[in-house]
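Chemist: Below is the structure I would like to discuss, written out as structure tokens.
The values are calculated or read from the model by the stated rules, or taken from the named source; none is laboratory data. For clarity, every value in this text was computed on a predicted model and none was experimentally measured. All Cβ positions, glycine included, derive from the backbone under ideal geometry; neighbour counts span all protein chains shown.
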């Protein structure tokens, strides 16, 4: 079965939503291990839910990236924010990339580059969040368009929930 670029985008969004549902389904549930033969009293390590800005990330906020889609086409996404968790000694920070994706596909990198600065791009996903590895899949910076405050509504909602321990990120 072959999936075209649009189908591929819908599939990625669907997988992301399923991942979110799986993460959220475990929130607030407690398990009773009293019947277990070996119960460990050690609490799992807590992740920090305090975030700080990342200033040295290769794709700063406002970077518009072209990503390979199906059939040699390109799609566009824009980096909105880059955060990392505050950590204590010995811990590794988690880096979160906040982005938005756009509807249209472009037949060449040059066409994607030309379209990247257009104020008329149709938004597909207003706010997505992924870990750093998400952008290590063959993206290229094609433009820089400053992030407007109205583009950050989804980010602010996510951050409030994350800092309250009620939201996370799907590792892609």
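Chemist: Let me confirm something: among 99, 106, which residue is touching a residue at least 12 places away in the same chain (Cβ under 8 Å), within 12 Å of residue 65 (Cβ to Cβ) and either in contact with a strand residue (DSSP E or B) (Cβ under 8 Å, 6 or more places away or on another chain) or surrounded by fewer than 22 Cβ atoms within 10 Å (Cβ to Cβ) (or both)?
Modeler: Details: 106 fails: within 12 Å of residue 65 (Cβ to Cβ).
Exactly one of 99, 106 is touching a residue at least 12 places away in the same chain (Cβ under 8 Å), within 12 Å of residue 65 (Cβ to Cβ) and either in contact with a strand residue (DSSP E or B) (Cβ under 8 Å, 6 or more places away or on another chain) or surrounded by fewer than 22 Cβ atoms within 10 Å (Cβ to Cβ) (or both), namely 99.
Chemist: Only one of these is surrounded by fewer than 17 Cβ atoms within 10 Å (Cβ to Cβ), outside any strand (DSSP E or B) and at pLDDT 70 or above: 60, 45. Name it. Give the derivation first.
Modeler: On the way: 45 fails: at pLDDT 70 or above.
The unique qualifying residue is 60.
Chemist: Given the criterion in a helix (DSSP H, G or I) and within 19 Å of residue 64 (Cβ to Cβ), identify the matching residue among 126, 111. Before the answer, list the steps.
Modeler: Values: 126 fails: in a helix (DSSP H, G or I).
So the residue among 126, 111 that is in a helix (DSSP H, G or I) and within 19 Å of residue 64 (Cβ to Cβ) is 111.
Chemist: Kindly indicate the residue of the range 133-146 that is touching a residue at least 60 places away in the same chain (Cβ under 8 Å) and not in a loop (DSSP other than H, G, I, E, B) and also nearest to residue 97 (Cα to Cα) among those meeting that condition. Explain how you work it out, then say what you get.
Modeler: Just the residues of the range 133-146 that are touching a residue at least 60 places away in the same chain (Cβ under 8 Å), to begin with: 135, 137-146.
Of the ones still in play, those that are also not in a loop (DSSP other than H, G, I, E, B) are 135, 139-144.
Working: 135: 8, 139: 14, 140: 15, 141: 15, 142: 17, 143: 17, 144: 16 Å.
Result: 135.
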